[in-house]
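Below: one structure, written as structure tokens.
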Amino acid sequence: MACKRTTGSDPFGGSADPVPDADPGVEVLVALRRLMRAVDLHSKRLMRSHGLSGPQWLVLRALADGECTVGELARRMRLSQATVADILGRLHGRGLVARNRSSADRRCVLNGLATAGRRKLEEAPPPLQAAFVERFSRLPSREQRRLHDALLQLAGLMDAEVLETAPLLGNEPLLDPGAPADPPPSPGRRRPPGGRSNGR
């Protein structure tokens with residue numbers, strides 16, 4: 001059976017030439033590997049050039065639309081509040097995110113971009129998904145739906161449909177185990193076992 005794909009070079013290494021009589025399952029896995037490699041290369045470039053992980057960039061971009069609480073940001077990013085709070089804590093420790101009490105409710109803490117965070121966001125290149133979204137939007141609606149359904153089915157085949165994630169093409173962990181520790185708790189505040197503050 002002849003393969004219908006066109007020949008060409010693989011920009012991420014190796015050959016993209018079609019393999020006659022190739023197993024469709026193997027070709028899907030090869031395509032997935034190319035996607036993973038493209039994401040990995042972009043993530044490393046972003047970290048090297050601007051010191052930001054993909055999730056951190058996404059948080060800064062979301063805060064560019066205005067101040068919000070941790071809960072509001074978590075809903076917008078489709079992540080748990082604990083995950084978003086951890087990312088915010090890292091960015092706040094670097095002076096990229098500012099925290100302010102709401103004038104309407106002093107119990108409410110709003111997170112917003114600090115001046116350094118806005119500058120960092122302006123300097124950083126757009127994430128990999130920006131080009132994807134722009135190109136995807138140009139496809140006919142029927143083709144968009146076909147790709148959507150196929151990818152959802154693929155996620156199900158790989159038992160990945162229930163994993164927590166954000167609309168971001170990146171393979172770095174959402175929580176950075178090598179990042180600096182959270183600042184010490186305020187006076188009178190106790191730490192639970194394990195050394196983490198109750199407010200993350």
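Suppose we keep only residues that are crowded, with 17+ Cβ neighbours inside 10 Å and in contact with a helix residue (DSSP H, G or I) (Cβ under 7 Å, 6 or more places away or on another chain) within the range 109-149. Which one would you say is farthest from residue 90 (Cα to Cα)?
From the range 109-149, those crowded, with 17+ Cβ neighbours inside 10 Å are 110-111, 113-114, 117, 120-121, 124, 127-129; that's our starting set.
From what's left, in contact with a helix residue (DSSP H, G or I) (Cβ under 7 Å, 6 or more places away or on another chain): 111, 113, 117, 120-121, 124, 127-128.
Details: 111: 13, 113: 13, 117: 12, 120: 14, 121: 15, 124: 18, 127: 20, 128: 22 Å.
Among them, the one singled out is 128.
Name the single residue that is modelled with the lowest pLDDT among those in the range 11-29 being hydrophobic (A, V, I, L, M, F, W, C) and surrounded by 14 or more Cβ atoms within 10 Å (Cβ to Cβ). Step through it out loud before you land on a result.
Initially, the range 11-29 is screened for residues hydrophobic (A, V, I, L, M, F, W, C), giving 12, 16, 19, 22, 26, 28-29.
Narrowing the set further to residues that are surrounded by 14 or more Cβ atoms within 10 Å (Cβ to Cβ) leaves 12, 16.
Working: 12: 40, 16: 51.
Among residues in the range 11-29 that are hydrophobic (A, V, I, L, M, F, W, C) and surrounded by 14 or more Cβ atoms within 10 Å (Cβ to Cβ), the one modelled with the lowest pLDDT is 12.
Hey, can you tell me all the residues within the range 73-108 that are among the acidic types (Asp, Glu) and surrounded by 16 or more Cβ atoms within 10 Å (Cβ to Cβ)?
Just the residues of the range 73-108 that are among the acidic types (Asp, Glu), to begin with: 86, 105.
Within the range 73-108, just 86 meets the criteria.
Give, as residue ranges, the helices (runs of 4 or more DSSP H) completely inside the range 69-158 that count at least 3 residues that are within 28 Å of residue 47 (Cα to Cα) and more than 19 Å from the chain's Cα centre (by Cα). Before the answer, list the steps.
Details: elements: 70-77, 81-93, 115-123, 128-137, 141-157.
Ranges flagged: 115-123.
Taking the condition of being of a type outside the set (A, V, I, L, M, F, W, C) and within 18 Å of residue 95 (Cβ to Cβ), how many residues in the range 56-80 meet it?
We begin by selecting, within the range 56-80, every residue of a type outside the set (A, V, I, L, M, F, W, C); these are 56, 61, 65-67, 69, 71-72, 75-76, 78, 80.
Then keep just the ones that are within 18 Å of residue 95 (Cβ to Cβ); that gives 56, 61, 67.
Number of matching residues: 3.
Out of 80, 43, 53, which single residue is of a type outside the set (Lys, Arg), touching a Gly at 6+ places or on another chain (Cβ under 8 Å) and under 22 Å from residue 158 (Cβ atoms)? I'd like the intermediate steps shown before the answer.
Working: 80 fails: touching a Gly at 6+ places or on another chain (Cβ under 8 Å); 53 fails: under 22 Å from residue 158 (Cβ atoms).
Checking each option against the conditions leaves just 43.
I want to confirm something. Restricting to the range 39-68 and keeping residues that are over 14 Å from the mean Cα position of the chain (by Cα) and among the charged types (D, E, K, R), which single residue is surrounded by the fewest Cβ atoms within 10 Å (Cβ to Cβ)?
48
The values are calculated or read from the model by the stated rules, or taken from the named source; none is laboratory data. Everything numeric here is computed off the predicted structure, so don't read it as measured data. For neighbour counting, all protein chains shown are included, and Cβ atoms are generated from backbone atoms with ideal geometry for every residue, glycine included.
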